[in-house]
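Report on one structure; see the data block that follows.
Taken together, the values in this text are just the output of simple stated rules run on the coordinates, not laboratory data. Predicted model, so just to flag it, every value in this text is computed and none were measured. Note: ideal-geometry Cβ built from the backbone for every residue, glycine included; neighbour counts use all protein chains shown.
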Amino acid sequence: MTSFQSTLGDESGIAEELAESQQSISIAEFFEKNKHMLGFDSGARGLVTAVKEAVDNALDAAEESGILPDIYVEIQEIGDYYRLIVEDNGPGLTKESLPKVFGKLLYGSRFHAREQSRGQQGIGISAAVLYAQLTSGKPAKITSRTQGSDEAEYFELIVDTDTNEPEISVEETTTWDRPHGTRIELEMEANMRARQQLHDYIKHTAVVNPHARLELREPQEHFKFERATDQLPAETEEIRPHPHGVELGTVMKMLTATDSQTVSGFVQEEFTRVGKKTADSIIDAFRDRHYGREMRWRPPTTHEDIDLHGAVEDATANKGAEATAAFAEAIADGVADHDRIAHHELLETVESAAEAVEDEHGTTFGDTVRENAVEAVWLELIDAVETDEGDGAEGDGDSRLVADLYDLADEATSTRKDDEIIHAFADRLAAKFDAELESDEEDAGNVRHRLTRTDLREHVDRVADLTEEYDDVSFGKTARENVTDAIWGVMATVPDDPPLVRELDGDRDATSDLVDAMRATDIMAPPTRCLAPISEELITAGLKKEFDADFYASATRDAGVSGGDPFIVEAGIAYGGELPAEGTGDVMRFANRVPLVYQRGACATTDVVKSIGWRNYGLDQPGGSGLPNGPVVIMIHVASTNVPFTSESKDAVANVPEIEDEIELAIREAARDLKSYLNKRRSMQQRRKKQNVLGKILPEMATKVAEVTGRDEPDIDDAIARIMNNVLVERDVNENGDGQAVSVVVENNSSTNESLEITDIVSAEPTALSDGATVVEMDGEWFVKWEPEVGSDDEAALEYEVPADATFDLDVKGVESEKLTVNQ
Amino acid sequence: MSADDTQQAREQLIDLAAQFYDQFELGEIPHMSVPTRTKNNIEYDEEMDVWVYGDRESTRSANSVRGARKLLKAVYTIEFLADQLEEDRSSTLRELYYLSESWDNDEAQFNDQDESNSMVEDLEIVSGVTREDFHMRPEESGATLMGPLHLREQTRRGEREIHCQEDVGEGGYQIPNNPDTIEFLDCDADFILAVETGGMRDRLVENGFDEEYDALIVHLKGQPARATRRITKRLHDELGLPVTVFTDGDPWSYRIYGSVAYGSIKSAHLSEYLATPEADFIGIQPADIVEYELPTDPLSDSDINALESELEDPRFQTEYWEKQIELQLDLGKKSEQQSLASHGLDFVTETYLPERLDEMGVL
């Protein structure tokens, strides 16, 4: 540009010349040149992105209509090109909207909605169409049939990049075997180098959408992912924006559009989580920012030489001595009732004093009289009465403002500061307040001592700078902040009415004050009915469906808020089984149920997984950081009305602290379950090992003891059961007349309560059954069922009688085999 | 030892095995409790004037794999000892360790000799029978004794009468494994001088110290064997001889004195039978290092740790020892017995010992 500027003086027509070559560009044209922004940067990637956009659209469409999605994806190789076909069983598109959905960028229903959905901008599928036409020159072929219609609509279209409008080449009706749904066929230059990502995308989609049926047929392979549940995700509801998540420009637009008259009505109507009380808080915060607060000064004490009474009497003329005295009395008392008093509070005091005296004495105190009284008293309070000797403050030493400010500043600053310094500081600050009287020429000075926090801070800064300069002490940031806070804290919010909406509309500065006020007000987090988390149960179901592991855990966190958008984080872990034990574990990332397959390293979820100390949870983690090793899959789902992505291609979640924290908590929650599973497994392994060793040693010891003592070998089962903290189930059979008395004793040597399911299969009918047991006959065998709960170190017995020739077979369930010893 | 005693020892061992048998039969976890053998669990027995084990017990239980192995080894050891007693044979502790290699069960074999030694100690304590009565000997031959003492020893090859000055060579009289087989006949000695190192013992004998002062010189050979302590105790108790102990001036040597006088931690169950509480310490005292300007070595870290741990050892919590140990920690030095040679070969017999013994009121 510099070269043009240097010649500006010589050639007057340069600007015109430049203007000629400037023209607006269509969005479609822009993306034609910037394909990478949407994830179409290479042939390999383009194919995956096209599949992703088509499948996301299909899922969204089906779910919104309450249909369980059934999606078919096919990729065909045609010479140098690939043909992509995606079919769904969604509601179909009308003849009117169909061309726009596929043939116009930024056309969609979701962009303005605050609701969780896969697509958002309405770019994705039309960008795929654009990519296809750019690389192959072929139009997109789209078939759609709405529910109940006899025939399907068939279109062939391209995006006109100059106008960003669909250009339809073929439009006809056709027959289609699906009762409703949409089918899109794209031909594009592509390759299958990203086959792995494609498979991952489809498989991961199946994991987080256990309610969907997916099928992928590509030149080499064919996958089918069946449903794990018939339960559709909960329907989401659109919500109004949250006051913490809107920007100035948005609010200005909303002010123009709203039907509300007042600011209070506006914030209650247009935002979520704002009721009357919150609206009042917002308006107070707005007043503080827009009008400023008024300084409240201390009323005079008895030992101060200030005669408010006299001042009022002097200012009041022609009202009769008695009424005047009563008026003065009422005002002086009213002022004394305040700890501190601001100008508008004084105004109220005078008003009520005037009305009280009017009632009592029948004398009218008009506006002028009231105004005079207010002025007289206020000037006394701020020590600004004009006297003959000149400046009132200097006449009798310090102004009373100095003493007041001194106390505030002294309280707020550290004790290390010298009294004199603080005094000098207070003196200069009081001078600032005095100066306010003359500052504003238009309306007779800021007599009311009305300041915004910014004004106040400016004063404090100036005065502190002066103090540093003249008194050679440091008056640091913290001290300035503290003093400002102390003074701001005693100042009073003014009662002025906020402007009406039509006054605000177009007033950028005032609207900015309103936005600041909304952000500063405490407001409840936005409602979460706009979100549809997968739920712990379905995460586990999804993982089980796609991974053959030994253990699954999942966690769904409560909703959080980031920038006014509510979000929910969920995590799942699968461990062991058929998962590959070698190498690092897998991380599956999802945002609003869409798998993220690219840019793993740039994603907040990966960062969080790497930052967790997995050794604490029983996983191998070389170096104590990074991805854990071993047969593990970690899944993370971030659901939000506005997932913060690092780029438009939506590959990675941005590092937003609130979201990262929740991701970590969700993973840790699931990981805790994993840890207890691994611990239990380890202790069972140890128990097995111990059992193996002791199972060898103890019988040998028993044999030896018998040898040394010259006795028969002792019975060691009880001892072993006790050593292993085992549950011992033992049968004891005694002759009893003609038959036999059987007792099955359960002895629980473990440290926990055990619930057992015992089935004793007897070849003859048992009688005299003990309580709690039932018997069922089946094909000449009697099944004695007994389900005792046996406490730690306790025992229970099942007893019955059978004929002498009966045989038994005992089956025990409910206790891990490592912990069980059965003696038939 | 009589056949009756042997029979009784054997029965006590078999009772122990029977105890395990009964525990099995009752469905209990087999176990055996022994006093904890650490310095935190020894107490002064005022009546006997010796240190004995306190109330703390460790249980060897088949609850754990370790405990079960230990009990299995115990049963195998019991069997071996019972057989040995039946055959009236004896063996050494080291032989027991090697012998375990021949046992048919891998799990019952000892991993090292410490393990087999401590097993024998366990059995000693639990059965109340001493190691000697099990016919277990330490592998090293006993220490020696030199001085005007006439005794009769019951050997496997008949009785022998020996005068420990006239009937022995310069090596002195070999103390047998079980000194209770000795009968004292006559004694002209005035006191017992127990010496830590062989070099010093030889020096004293060469200089004729035993003859000149009628001393009974007992060679401790480092940490004294039970037989050495037992005979010292008997000489003191039966003949009324005062006992003095002469060692190097370092923390390890103080422990040698400690085990003569107070009993060792490992055999506190036998203190009453082995310890001579009246034994006095001659030196080298830390004070001697200063007084006789002895050549020194600096204390090593392990020396300092050992001294500090002695300050916490109840056996050394006397005014005398606390003063000496603290002095030594201040000095940061230690001296050997033989450092006395820096003043000449005769210094120890002509000056140091007479002075110290006089000071102690023995001479």
Does the range A:27-225 come out rounded, prolate or oblate by the C-alpha gyration tensor, with a ≥ b ≥ c the root eigenvalues, rounded set by a/c under 1.5 and, if not, prolate when a/b is larger than b/c and oblate if not? rounded
Run the dipole for the range A:716-822 about the Cα centre, Lys and Arg Cβ at +1, Asp and Glu Cβ at -1, nothing else charged, and hand back the magnitude in debye, nearest 20. 260 debye
Is the shape of the range B:3-137 rounded, prolate or oblate, going by the alpha carbon gyration tensor and its root eigenvalues a ≥ b ≥ c, with a/c under 1.5 for rounded and a/b larger than b/c for prolate? rounded
Tell me the mean residue ellipticity at 222 nm calculated for chain B from its helices only (DSSP H runs of n ≥ 4, each -39500 (n - 2.57), averaged over every residue, nearest 500). -12500 deg cm²/dmol
Toy charge model, Lys and Arg Cβ at +1, Asp and Glu Cβ at -1: the range B:144-360 dipole around Cα centroid in debye, rounded to 20, equals 1100 debye
Please list the non-local residues whose amide H lies under 5 Å from the amide H of residue B:217, H modeled 1.01 Å from N, same-chain partners needing a gap of 5 or more. B:146, B:147, B:193
Report, in degrees rounded to the nearest 10, the 0 to 90 angle that the Cα long axis of helix B:113-127 makes with the longest principal axis of chain B. 70 degrees
Where the centroid of each part is defined by its Cα atoms, how far is the range A:324-338 from the range A:769-788 in Å? 96 Å
Using the Kirkwood radius over Cα pairs, work out the Stokes-Einstein diffusion coefficient for the range A:536-681 at 20 °C and 1.002 mPa s, in µm²/s as a whole number. 141 µm²/s
Run down the aspartates and glutamates and flag those whose C-alpha is under 13 Å from the C-alpha of residue A:610, throwing out any fewer than 8 positions away in its chain. A:586, A:620, A:660, A:664
Distance violations [Cα-Cα > 25 Å] among A:253/A:276; A:432/A:477; A:785/A:819; A:104/A:224: A:104/A:224
Kindly provide the Kirkwood hydrodynamic radius of the protein assembly as shown in Å, to one decimal, from all pairs of distinct alpha carbon atoms. 42.7 Å
Rounded to whole Å, √(5λ) for the Cα gyration tensor eigenvalues of the range A:510-557, largest first, gives 43, 9, 9
Residues A:192, A:724, A:635, A:524, sorted so that the one with the fewest Cβ neighbours within 10 Å comes first: A:524, A:192, A:724, A:635
When B:166, A:358, A:153 are ranked with the fewest other C-beta atoms within 10 Å first, the list becomes B:166, A:358, A:153
In the range B:44-118, the GluC sites (Glu not before Pro) that sit in a DSSP loop and have at most 14 other Cβ atoms within 10 Å of their own Cβ are B:46, B:47, B:87
Classified through the alpha carbon gyration tensor (a ≥ b ≥ c as square roots of its eigenvalues; rounded if a/c is under 1.5, else prolate when a/b is larger than b/c, else oblate), the range B:185-260 comes out oblate
Size of charge dipole - chain A - debye, nearest 20, with Cβ of Lys, Arg +1 and Asp, Glu -1, no other charges: 5080 debye
Spelling out what I want: for every residue of the range B:238-250, take phi, set θ = phi - 60°, compute 6.51 cos²θ - 1.76 cosθ + 1.60 (Karplus), and round to whole Hz; glycine and proline get x. 8, 10, x, 7, x, 10, 10, 10, 10, 9, 5, x, 9
Separation of alpha-carbon centers, the range A:228-260 and the range A:541-598, rounded to whole Å: 27 Å
Put +1 on the Cβ of each Lys and Arg and -1 on the Cβ of each Asp and Glu in the protein assembly as shown; which of A:483, A:547, B:85 then has its Cα farthest toward the positive end of the dipole? A:547
How large are Rg and Dmax for the range B:144-360 when only the alpha carbon atoms are used, in Å? 17.3, 55
Using 24 Å as the Cα-Cα cut-off, could you pick out the over-long pairs in A:35/A:203; A:33/A:138; B:39/B:323; B:70/B:221; A:704/A:813? A:35/A:203; B:70/B:221; A:704/A:813
Karplus 3J(HN,Hα) series, Hz, for the range B:283-295 with 6.51 cos²θ - 1.76 cosθ + 1.60 (x for Gly, Pro): x, 6, 8, x, 5, 5, 4, 6, 5, 9, 6, 7, x
Say the dipole of the protein assembly as shown comes from +1 at the beta carbon of Lys and Arg and -1 at that of Asp and Glu; which of B:68, A:499, B:269 then lies farthest toward its positive end? B:68
Spelling it out for residue A:740: with amide H atoms placed in the peptide plane at 1.01 Å from N, the residues 5 or more places away or on another chain with amide H under 5 Å from its amide H are A:802, A:804
Dividing the alpha-carbon radius of gyration of the range A:400-493 by 2.2 N^0.38 Å, where N counts its residues, gives 1.04
Output the antiparallel fraction of DSSP beta bridges having both residues in the range A:716-822, as a percent to the nearest 5. 95 percent
Charge dipole (the protein assembly as shown, unit charges on Cβ, about Cα centre) - positive-most of B:6, A:23, B:302: A:23
With θ set to phi - 60° and the Karplus curve 6.51 cos²θ - 1.76 cosθ + 1.60, what are the ³J(HN,Hα) couplings of the range A:342-355 in order, to the nearest whole Hz, using x for Gly and Pro? 9, 4, 5, 6, 5, 4, 4, 4, 5, 4, 5, 5, 4, 5
If the viscosity is 1.306 mPa s and the temperature 10 °C, what translational diffusion coefficient in µm²/s does Stokes-Einstein give for chain B when Rh comes from Kirkwood over Cα pairs? 72 µm²/s
Surrounding net charge for residue A:511, when Lys and Arg each add one and Asp and Glu each subtract one, Cβ distance under 12 Å: -4
